[in-house]
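First the structure, in the form of structure tokens, and then the observations on it.
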Amino acid sequence: MTGVRQVPVPASGSRPALDAARLRADFPILATSVGGKPLVYLDNAATSQKPRSVIERIQRYYSTENANVHRGVYQLSERATAAYEAAREKARAFLNAASTREIVFVRGTTEGVNLVAASWGRHQLRAGDEVLVSAMEHHSNIVPWQLVCEERGALLRVIPMNRRGELLLDEFERLLSDRTKLVAVAHVSNSLGTVNPVAALTRLAHARGVPVLVDGAQAAPHLRIDVQGLDADFYTISGHKMFGPTGIGVLYGKAARLDAMPPYQGGGDMIKTVSFARTTYADLPSKFEAGTPHIAGAIGLGAAIDYLAALDWDQVSAHEADLLAYATSRVSDVPGVRLVGTAADKVGVVSFVLDGVHAHDVGTIVDQEGVAIRTGHHCTQPVMEFFGVPATARASFAFYNTRADVDALVGALQRVRGIFA
Ligand SMILES: Cc1ncc(COP(=O)(O)O)c(C=O)c1O
């Protein structure tokens, strides 16, 4: 390993340990095999696995509560509505938002960003204005801004990072100007694992009156989120990355911001009155939830939030820090490995390239050992370009992963080395 900071492996047993074995038993898929090998699931940044309580909650909804929400006067619809709105309250508590009016159910982080770009961006951006994103954004926090900037004649500008994958705060301050109309930045990078100092970025942006959107897709499964503490104007999360279902997520927006924004989509549920001459819109958050929502998804997300709320987060954080340090050390000891993303503040991700072996070959061979990792650009092509690699192999962790999972990955990487030797 060259030019990479060695991460110390903490001594085990120096704190009350998370009982990962007990938690693993809550996730049925983790007991399955692939190709005759026990599944070692290390692609949690792409999507996380689901605990039984989430799976059963969705089944219970469809078995005993299924009806459309907000419309029926009959008991079943009232029950479905109550469960859907209870999930909104759980999401509010999870993000520590001030009000459920600030919790909009969306398909996921991608739709959350697109909602803000389409509604806020289209109506606020003017020719010559600037939107700042960071050099490590997922495509879903780049392309929606490019689309709206193109339409409005505005400019997308990029907060640079250093070779460890850390944003340069002084460059950020230099980029902030009277032309800056929004900062959109990831809380945690999906391809590097960097935890960005979003509270500091927000303070600096707000000092110039610039609102901030935080992409929290990768933060939600690892960090405790406090949108009021961060003072974020918008914060987006995806249910499927935080042990909930696919197709559901949350856009948090400060009520004053959401109130001032026009609807994103038109349709049922988002209106007060409709005539051919004029339509008036529903209050928050319904104004942004046109059509029948993903009711089962929201309720499943609520169950995932309940699951997370029952965990001891000091233990989870210690366990994940240990896993990351252990994986960083073990993976970087494999001959020919170069880590991509070595920020001082990281969670959940070890991204790497193996000398002389394409990342896709790494992924395919480790899969034969039952180890699921992601290979490719991770929807962050500018990050790959910055580090001068076409792709990386990425192991990403959840609290249910163990040192044994890391050992399995390293064993599989040794096999890759053997094949390509
Ligand atoms: C940092 C980040 N932002 C946004 C997204 C998009 O999330 P989704 O596909 O759930 O909308 C992802 C997904 O990988 C991500 O990692």
Accessible carbon and sulfur surface of region 24-136 relative to its total accessible area, %, 1.4 Å: 53
Helix 313-332 vs. the chain, principal-axis angle (Cα, 0 to 90°, nearest 10): 50
Under 18 Å, Cα to Cα: Lys pairs in region 54-309, sequence gap 8 or more or different chains: 5
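Chymotrypsin sites (Phe, Trp or Tyr not before Pro), restricted to region 22-81: which are DSSP loop and have at most 14 other Cβ atoms within 10 Å?
Y74
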Carbon/sulfur fraction of accessible area - region 362-415, other protein chains in place, 1.4 Å, %: 50
For T180, net neighbour charge (Lys/Arg +1, Asp/Glu -1) across residues whose Cβ lies under 15 Å away: +2
Options T392, Q49, V113, ranked by Cα towards positive dipole end of the chain, top entry (Cβ charges): V113
Spacing of the two label points (7 Å from each Cα toward its C-beta) at D333 and A200, in nm: 3.2
Contour excess over end-to-end distance, with Cα ends at R52 and D345 and 0.36 nm allotted per residue: 102.3 nm
Cβ charges +1 (Lys, Arg) and -1 (Asp, Glu), total dipole of the chain, debye: 280
Antiparallel bridges, percent of DSSP beta bridges restricted to the chain (to nearest 5): 60
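Classify the chain as rounded, prolate or oblate from the Cα gyration tensor: take a ≥ b ≥ c as the square roots of its eigenvalues, call it rounded if a/c is under 1.5, otherwise prolate when a/b beats b/c and oblate if not. Provide the component values of the computation, followed by the final result.
On the way: a/c = 2.04, a/b = 1.30, b/c = 1.57.
Verdict is oblate for the chain.
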Y264, Y307, reordered so the largest accessible area comes first (probe 1.4 Å): Y264, Y307
Cβ-based net charge around A398, under 13 Å, with every Lys or Arg adding one and every Asp or Glu removing one: -1
Net charge over other residues, Cβ less than 11 angstrom from the Cβ of I365 (K, R count +1; D, E count -1): -1
Accessible area expressed per residue, the chain, with surrounding protein chains retained (probe 1.4 Å, Å²): 41
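The values are calculated or read from the model by the stated rules, or taken from the named source; none is laboratory data. Just so it is clear, the structure is predicted and the values come from calculations on it, not from any experiment. Every residue, glycine as well, gets a Cβ built from its backbone with ideal geometry; the counts of neighbours run over all protein chains shown. Each accessible area value is taken on the protein alone, full model and side chains, heavy atoms only, with ligands, DNA and RNA left out. Shrake-Rupley method; radii C 1.70, N 1.55, O 1.52, S 1.80 Å.
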